[in-house]
Every structure is written in structure tokens, then in C-alpha cells.
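K.L.:
Let me give you the structure first, and then I'll get to my questions.
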Amino acid sequence: MSAFIDARTLPSGTAQTPDLAIIGGGPAGIALAMALADTRLKILLLESGGMNFDPAVQKMYAGQQTGYEPLDGDRLRYLGGGTNHWGGWCRPMDESDFEARDWVPSSGWPFGRAALEPYFPRAQSLVEAGVWTYDQGGNALAASHGPMLQVGKGGIYTTWFQFSKMRGDVLPTQFGHRYAQDLRAQANLTVWLNANVTGIRLAPNAASVDHLDVATLGPSGGAGKQFTIRPRYTVLACGGIENARLLLVSNDVMKPGIGNRADLVGRYFADNPIPRDVATMVVFSGTLAPYYANNRDMGHGTILRAAFTPSDAWRRQARVGGSLTTVEQPVTLDDVGKAAVATTAAALGVDASGARAWSLGCGLELIPDPERRVRLSLETDALGLPRVKLANTISDEDFARYRTTLAELGRQLLASKAGMLRINCTTREEWMKNMDWGHHHLGTTRMHDDPRRGVVDANAMVHGVPNLYVAGSSIFPSYGASNPTMNLIALTLRLADHLKTVMA
Amino acid sequence: MRRRAVIAGTGAVAAGVAAVGLWRFTGLFRRYAPTPYDDLLSQLDDRDRAALLGRHAVDMADARMTAQELRTRIGKGSLAKAAFDDVQAGRMSEVDGWILPRSVAQMATLAAHA
């Protein structure tokens, strides 16, 4: 039986020497700890927050940003991390998401999707998204719940999201609460709550982590208790913004920050933008199965929702990025829209007298951009750590490429005589008018075999620091459009297997 | 006599209203001024609606050239076939954001300029 220890109750100066320290108790940290349950490794998981939301702890996330949203509003700093407010959307990344694409600068993973395949089933199980269905079985399962919209032959096909279980009004799997008992039952694990890592301290030769500085938040707001942890190995799993922040603030030995010789830590930040009402889709028959505009429980714990996405082959041919276009809500056409439908349907010889229209939204993959970046500001948090300054942008090229994808979807709907499509956004202002964000923090400690092009190697080890690893979506070198949680868990499970080997 | 006149008058008014309604809302009985493109425009079910759409086309080339291209494409076939062929071949146009077969967009544009 392990223990959850409130670090505020420990005597200051308490020292620990675990085999492995995991910094961060979000989905990556929890999945990693659980994946190492069958080892003899002594593991210490350090979580900044407690079991529930605490405004004082949350405030340590605050920072400056441009082109984004408040930094203390789109993350949650307590056990379970981002899964405490996620939507439960799951979909494995596509093969082409991993490829070095010559039309996507700085793209490409050190390995293909095949390297993650063995880990998807366990990841799927951890997020409780039901039987693995997705594109392998989605069409067949959905067809028994209503006819699919025929999108015709071409570059776009119907793909499927699955959802972390939403039983009645129970939210998707929140890792902290869902797995608290499993973590407590894990004999080789200790969890410290309210324990903030304030520095990763390297040995003088900068070739290994020597120790971690840990502090609690004092009752009056400043630093409280302080501890020193000397782990054999450390895994940083604090999310896409904090991972970069901790490497940058730990600059006592390596002045640019740990792993930052090539000035890459914090660069290439990305999220999946979610512009709404990007297009209007008309269905000539007026009927659309319920799994298009809503999540649909298909039984046996499998919840599906349809989306439209470019195939790998067409992405290569048309040189577009990843995107997942979803049906949102019914809309009414204006007179020009009605004229477009009547004229086109008549020309094609289709009855559109009962046509209905729906608004479309999407999740997009951004082109990697080194100027989209996490840096340190001059302001400090309650523990004296520099706060974050985030610069976020979307290029016009990102929108232009998605426009190409929408036009292909429109063409295919006409080809199948099932419907037609209007693209609602042309100018940058129109794209940005209804912009949401996925709150998927990606790319800031990117993975590449070449230390000049990546912060971590293909095993997620920080280049040049063999006992320091990074887990989570911050190591994604290019992003795809799929929601990252299930994918980053698969990647973390792969890391667990690697650690079993190197730490044995 | 008076009753008959009232019935006849009412009938005449009703017929007139119906005719105006059909003209206004269905295009039946509608007559347009002759244009050089009537051979093409006759393939439209609803020329007024097509014109409403066509007025939003921003890249209207010379109408005569557009008509010539359409005639070549349609030949002795139909707009339906030309439109479907366009879609299959990826010959698409965008009018007010709507993704249309090129022949449909051209036809709408001609209707707007006729």
C-alpha cells in the first residue's frame, strides 16, 4: 500500500532518494506511474496541487500571453491535471501526422505510428473510451444507428471520434479521482501532493540530474516547506507549457536552461485551433443521422461521433495539414444560399425541396512555427519562479490549407449528389471571429534524434542528460489534428517500457 | 343577372391573382427580354434564383466568352451532365463561398448579367 502524502505536513528538509521521480500528476504522470507498478522501482510522484482545485495553487499558472487565452484558465493544477476539465474526445493520430512532410516545415517524428500501435489498447483502456472502434469499425457500427452521409470518392472521408466514458452526467475520466485508489494500492509508489518542483539541478558537468528542489506553498502565500529529492531518474510530465518553463528556469548550470543548447525549449508551441461556423453544409435529403452533430452512445461503452478528415494520401497530394471537421448545429440559409441550393440541385437533377443546413466547425493542425513560443517573463509566482510569457499565432497558410480541404469536401458532396457546402470564412477576421482553442499544449520540448533539432531524443530523453526524460504532448514535433490525450498516454506507455529497460 | 356578374367578377379577380402569383413566385408565364444566351439560360429551372446567386460571382469574365465556353462544354448534352462532369473533374468555382460546379456558376453568372 502506497501513500498520498500532503507535503505541507512533512518536516522541512525531508530528503528522498527514489529510483524515479515523476514531476506532475496529470494523465502522463499517472499513466507512467501505473505502467511501472510491476517493477521494483521506487517511484515518487510529485504533484503541485492536491486532490481538488485550489485557487492559490492555480494562480501559479498565471502568465502573459498574446494571441491565446489566460494561462491560468486553460490548465488545471491538481491531481489529474488536464483531465479534470477535458472533453473526452479521443482519436489516434494518423500515419501522416508522424511523417516528415516537405510542405510542413520542421515536421516529422523519429518514428512512425507503428511504434505507438502496441500501446494504443492500454491507452484506450485508461481513458475508458470503450472498445477500439474508430475507423476500423466506425462505419459499420454507425450504420446500424442511421444512414451515413455519402461524401463520395475523393480526398475526404468520414472518420470517428470515440469518447472517454460519459455515464449519465458523469464527466469523462478524470485521472486523479478515477485512479486515486489504484495509485494508493501501488506498493512501489509514493505520491506527494502540494509539492512543487522549483528547480531541476544538474551535476556540475551538466551531464545528469543531481537533485530536485521542491517546495510547498506557505500559508501566507510564499514558499513553505523545502525539500531535496535525489532520484536516479526523473521524468518531467507537467504539460506543454510547464515542461518548458521548468527546463528554462533550471538554468544554474546550463545557462540557457536544461536541454536548451539549440535554443529550442519553449519554441514550436502549438495548440489545435477550433474555429466555429467555418462552413455551412447542406444535405439535400434534409436528414442527417444523430451521430454527426452529437456524441452517440452505440452501446457496450462505445460513444461515437462522425467527422470529416483528409486521407493520408490526399494530404500528401494536396499538401494540406490535418483537420477534423465536425457538424455543429442546424442553421437557416439566407436567400443567396437558398438560390445556390435550388440552382445547383436542379442542375444536378436532385430533389432538394426538403434540404436542411448545418454549421460546421473543426479542429486544425498548425504548421510548426519556432516563433510561437513559451518564454520566461520578469514576473515571478508565489514560489519565486519566473512566470511564463506565451506568444501564439496562426498563419494565413494554416487557414488557406484548411480552405482547400473544405473545398474538396464540398466537391465530394456534389459528386455523391448528397449535398453541398459553403465556406464561411475568407478573411483572417472571419476565421478568428469564432475561434476556440483545444487547450492542447504541444511541441515545446520537441522530439528529434538530432540534438540540434530536438530537445529530447526518440526515447524522450533530454539530449545530453541521460537520466532526465520528458513525457506528454510537449514532445510532439508535429501535431496532427487529433486530440492529444489518448495519443500522449500511448507515447508515455512506450516511455515506461524504455525506462524498464534502462533502469533495470 | 347581378348575382352572375358578382360571381364572374370574383372569378376574374381570383384568376388574376393566381396568375400574378404564379408569375411572381414560380416564374410561370414569366417572359424575359431576349439575350444572346437564351439557348443556355433555358436550361435553368429558376432563372431569377440563379441570377440572385450569380450576382455574387466576383470573377465574371466576358459574358460572351463564358457563354462560348459553356456551349462548348454542354454541346448537345445537358447542364446536368456538364455539372456532374465538372464535379468529377474538379472544375469547381466559388460563388459567395458556395462550392459549385463551374458550369453552374457560369450559368448563374450569365443569368445575372442577362
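Nothing in this text is a laboratory measurement; each read-out follows from the coordinates by a stated rule. Just so we're clear, the structure is a prediction, and the values are computed from it rather than from any experiment. Using ideal geometry, Cβ is built from the backbone for each residue, glycine included, and neighbour counts are taken over all protein chains shown.
K.L.:
Helix-only mean residue ellipticity at 222 nm, chain A, DSSP H runs n ≥ 4 weighted -39,500 (n - 2.57), per residue, nearest 500. What is it?
P.N.:
That comes out to -7000 deg cm²/dmol.
K.L.:
If packing is taken as the average number of other Cβ atoms within 10 Å across a peptide's residues, how do A:372-378, A:243-249 rank, most packed first?
P.N.:
A:243-249, A:372-378
K.L.:
Under a point spin-label approximation (7 Å from Cα along Cα-to-Cβ), what is the B:Glu69-A:Thr404 distance to one decimal in nm?
P.N.:
2.2 nm
K.L.:
Using a 10 Å cut-off around each Cβ of peptide B:80-88, what is the average number of partner chain Cβ atoms that fall inside?
P.N.:
5
K.L.:
While we're looking at this one, here's another question. Taking amide H positions as placed 1.01 Å from N in the peptide plane, with prolines and chain starts having none, which residues 5 or more places from A:Gly199, or on another chain, fall under 5 Å of its amide H?
P.N.:
Sorted by chain and number, the residues that satisfy this are A:Asp213.
K.L.:
Which order do A:Cys238, A:Cys425 fall in if you start with the one that has the fewest other Cβ atoms within 10 Å?
P.N.:
Sorted ascending by nearby Cβ count, the order is A:Cys425, A:Cys238.
K.L.:
Show the residues, 5+ positions off or on another chain, whose built amide H is closer than 5 Å to the amide H of A:Asp6.
P.N.:
Close amide H contacts, sequence-distant or interchain: A:Leu193.
K.L.:
Filter the cross-link list A:Lys42/A:Lys165; A:Lys59/A:Lys165; A:Lys42/A:Lys225 down to pairs whose alpha-carbon distance in this structure exceeds 26 Å.
P.N.:
A:Lys42/A:Lys165; A:Lys59/A:Lys165
K.L.:
What is the fewest-to-most order of A:Leu71, A:Leu495 by other Cβ atoms lying within 10 Å of their Cβ?
P.N.:
Listing A:Leu71, A:Leu495 from fewest to most nearby Cβ atoms yields A:Leu71, A:Leu495.
K.L.:
Here's something else I'd like to know. Helix by helix through chain A, keep the DSSP H runs that span 15 Å or more along the axis on Cα and average at least 0.0 on Kyte-Doolittle, and give those back in order.
P.N.:
Answer set is A:335-348, A:484-503.
K.L.:
Just grab the label-to-label distance for A:Ala207 and A:Thr426, each label 7 Å out from Cα along the Cβ direction, in nm (one decimal).
P.N.:
Going by the 7 Å Cα→Cβ label model, 6.3 nm.
K.L.:
Could you please rank A:Tyr291, B:Tyr37, placing first whichever residue has the fewest other Cβ atoms within 10 Å of its Cβ?
P.N.:
Exposure proxy ranking, most exposed first: B:Tyr37, A:Tyr291.
K.L.:
Test of the criteria: in the range A:22-107, which trypsin sites (Lys or Arg not before Pro) are in a DSSP loop and have at most 12 other Cβ atoms within 10 angstrom of their Cβ?
P.N.:
The qualifying sites are A:Arg40.
K.L.:
Give the cross-link partners of A:Lys433 among the aspartates and glutamates, using a straight C-alpha distance below 15 Å as the criterion and excluding same-chain residues fewer than 8 apart.
P.N.:
Partners within reach: A:Glu69, A:Asp277, A:Asp396.
K.L.:
Just how large is the dipole of chain B about the Cα centre, in debye to the nearest 20, putting +1 at every Lys and Arg Cβ and -1 at every Asp and Glu Cβ?
P.N.:
Approximately 840 debye in magnitude.
K.L.:
Would you work out which of A:Thr380, A:Met486, A:Pro370 lies farthest towards the positive end of the dipole of the protein assembly as shown, given +1 charges on the beta-carbon of Lys and Arg and -1 on that of Asp and Glu, about the Cα centre?
P.N.:
Going by the Cα projections, it comes out as A:Met486.
K.L.:
How crowded by other chains is B:89-98, given as the mean number of beta carbons from other chains within 10 Å of each beta carbon?
P.N.:
Partner Cβ neighbours, averaged per residue: 6.
K.L.:
In addition: Inside 10 Å of the C-beta atoms of A:348-355, what's the mean count of C-beta atoms belonging to other chains?
P.N.:
Across the residues of A:348-355, the mean count of other-chain Cβ atoms within 10 Å is 2.
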